[in-house]
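Just below is one structure, and these are the notes that go with it.
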Amino acid sequence: MIYMDHAATTPVREEVIEAMEPYFNKYFGNPSTIYKVGREAKQGMEEARKKVADLIGANSEEIVFTNGGTEADNMAIKGVAFKNKALGNHIITSQIEHPAVAETCNFLEKFGFEITYLPVYNEGIVKVEDLKKAITDKTILITIMHVNSEIGTIQPIKEIGEIAREKGIVFHTDAVQSVGKIPVNVDNLNVDLLSISSHKIYGPKGVGALYVRKGIRLEPFIHGGGQEKNLNSGTENVSGIVGLGKASELAKKELNSNMKHLSNLKEKLVKEVLEIEESYLNGDIERMIPGTANFHFVGIEGEGLVLLLDGNGIAGATGSACSSKKLEVSPVLKAIGLDDVDAHGSLRLTLGPENTEEEVEKVVEAMKISIERLRSMSPVWNSRN
Ligand SMILES: Cc1ncc(COP(=O)(O)O)c(C=O)c1O
């Protein structure tokens with residue numbers, strides 16, 4: 001198999017599995033207990049907290065473990081909204097957020113919150129000027145993702161954070177698609193809250209973290225024993241957390257070499273794919289992470305292309321990372337100005353460090369053949385040519 005869907009998920013690395021293993025049966029204690037096997041579990045968790053913090057330039061006390069990126073987003077957004085309702089009811093976000101943010105914002109509308117969805121134009125990037133204009137004296141939260149999961153564009157988080165700080169507004173960023181892929185430092189980026197997911201960085205699924213800057217107050221998300229800084233409750237997923245810690249350590253160590261490798265691979269991929277007639281890259285290539293390339297092809301269905309590639313042992317995606325089973329047009333592709341037909345003709349390839357030049361060549365070859373086949377059956381294509 002050639003796997004090119006790393007934005008959807010990644011395999012768990014051997015080193016991560018090895019690090020996790022003793023926490024299933026050897027250090028199996030409940031980390032809230034005070035005897036040895038409990039203390040050992042607690043120690044594993046705290047070492048992991050330090051590694052996650054190191055990856056993003058935070059202090060370990062500022063890391064709250066969650067069951068993934070979705071939970072981290074919910075914890076941040078609802079936590080700020082419900083804590084600060086007396087101060088204001090306005091939240092600013094973008095039109096291209098992951099459902100974990102977009103649906104949470106929709107939900108808050110039921111509780112009297114008003115949401116502004118900033119446009120991203122053809123480039124897929126929020127304009128800082130639009131943000132400035134959207135701020136009111138009722139704005140209590142800005143939540144804008146760092147890197148988009150579908151098109152890979154990088155938002156001007158540092159500049160947004162400066163404005164938020166100047167105005168005294170809490171700033172959250174969903175960094176699920178940026179952490180471990182480009183440098184992420186919470187101080188450089190001026191963020192107060194930042195979401196992480198383990199399974200995007202070669203860690204296990206069902207675990208993640210929310211960075212909460214010291215002094216930022218949130219309403220608890222899950223009520224119970226208050227194990228995680230009183231924001232999350234329930235006996236911790238110790239082995240998963242240890243896995244996230246190990247994955248974070250490896251991601252930090254390998255960041256620069258991975259970025260270089262992925263930039264080279266993507267350059268080749270984009271160059272060769274764009275040689276196909278009527279093919280386009282979605283989003284601004286100058287402001288994109290190294291591993292992501294989202295194309296659209298006139299006269300084909302992205303779903304059809306994904307299936308034909310699958311038949312060749314190639315895993316790619318259409319639509320959004322987590323909801324590619326839905327047949328609706330991707331809101332992200334709509335937001336960057338694609339019409340329904342072009343949006344349906346999209347394919348997202350997200351590269352990982354284990355991909356090779358030879359794989360890129362094989363994928364491009366399979367794409368050429370598959371696109372030609374789909375176009376030969378396409379009334380849209382045949383009526384144009
Ligand atoms: C930008 C973004 N946020 C959040 C999530 C959800 O993360 P998780 O699967 O850990 O809940 C994803 C998953 O694709 C994502 O791409």
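Brief remarks on what is shown
- Qualifying residue in the range 3-12 (condition: closer than 30 Å to ASN106 by Cα, over 18 Å from the mean Cα position of the chain (by Cα) and buried (at least 20 other Cβ atoms within 10 Å of the Cβ)): no
- Within the range 266-288, tally of residues that are buried (at least 23 other Cβ atoms within 10 Å of the Cβ) and either assigned to a helix (DSSP H, G or I) or on the phi < 0 side of the Ramachandran plot (or both): 4
- Any pair with Cβ under 9 angstrom, 6 or more apart, that starts in the range 12-26 at a residue that is touching a residue at least 60 places away in the same chain (Cβ under 8 Å) and ends at one that is among the aromatic types (Phe, Trp, Tyr): VAL12/TYR202; ARG13/TYR202; GLU15/TYR202; VAL16/TYR202
- Beta carbons closer than 6 Å, at least 6 apart along the sequence or on distinct chains, pair a first residue in the range 85-103 that is under 13 Å from GLU114 (Cα atoms) with a second that is within 16 Å of the ligand (Cβ to nearest atom) and among the polar types (S, T, N, Q) for THR93/THR143.
Listed here are the residues, each with its yes/no results for (1) within 19 Å of the chain's Cα centre (by Cα); (2) more than 20 Å from ILE289 (Cβ to Cβ); (3) modelled with pLDDT under 95; (4) not in a loop (DSSP other than H, G, I, E, B).
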site: VAL101; (1), (2), (3), (4): yes, no, no, yes
site: GLY124; (1), (2), (3), (4): yes, no, no, no
site: ILE163; (1), (2), (3), (4): no, yes, no, yes
site: VAL186; (1), (2), (3), (4): yes, no, no, no
site: ASN190; (1), (2), (3), (4): yes, no, no, no
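- Residue among LEU108, LEU118 that alone is under 20 Å from the mean Cα position of the chain (by Cα), assigned by TED's automatic domain parsing to the domain that holds GLY243 and either in contact (Cβ under 8 Å) with a residue 24 or more places away in the chain or within 12 Å of the ligand (Cβ to nearest atom) (or both): LEU118
- Exclusive hit being in the same structural domain as ASN185 (by TED's automatic domain parsing), within 16 Å of the ligand (Cβ to nearest atom), not in a helix (DSSP H, G or I) and not polar (S, T, N, Q), set ILE77, ILE34, ILE96, ILE92: ILE96
- Residue in the range 333-347 that is modelled with pLDDT of 95 or more, touching a strand residue (DSSP E or B) at 6+ places or on another chain (Cβ under 9 Å) and within 28 Å of GLU254 (Cα to Cα) present: yes
- Test: GLY208 is assigned by TED's automatic domain parsing to the domain that holds GLY69, buried (at least 24 other Cβ atoms within 10 Å of the Cβ) and within 21 Å of GLY283 (Cβ to Cβ): no
- Test result for ILE241, surrounded by 20 or more Cβ atoms within 10 Å (Cβ to Cβ), in contact (Cβ under 8 Å) with a residue 24 or more places away in the chain and assigned to a loop (DSSP other than H, G, I, E, B): no
- Residue selected from the range 165-181 under the condition buried (at least 24 other Cβ atoms within 10 Å of the Cβ) and of a type outside the set (Val, Ile, Thr), by the criterion nearest to the chain's Cα centre (by Cα): GLN177
- Pairs with Cβ under 8 Å, 6+ apart, first in the range 56-79 and without any contact (Cβ under 8 Å) to a residue 40 or more places away in the chain, second more than 15 Å from the ligand (Cβ to nearest atom): SER60/GLU46; SER60/ARG49; SER60/LYS50; SER60/ALA53
- Of the candidates VAL52, VAL64, VAL16, the single residue that is within 16 Å of the ligand (Cβ to nearest atom) and not in a helix (DSSP H, G or I) is VAL64.
- Residue in the range 175-185 that is touching a Ser or Thr at 6+ places or on another chain (Cβ under 8 Å) and farther than 26 Å from TYR121 by Cα present: yes
- Candidate set from the range 162-198 (those that are under 29 Å from HIS261 (Cβ atoms) and without any contact (Cβ under 8 Å) to a residue 40 or more places away in the chain); member that is nearest to the ligand (Cβ to nearest atom): THR173
The values are calculated or read from the model by the stated rules, or taken from the named source; none is laboratory data. Predicted, not measured: the structure shown is a model, and the values here were computed from it. Virtual Cβ from ideal backbone geometry, glycine too; neighbours counted across all protein chains shown.
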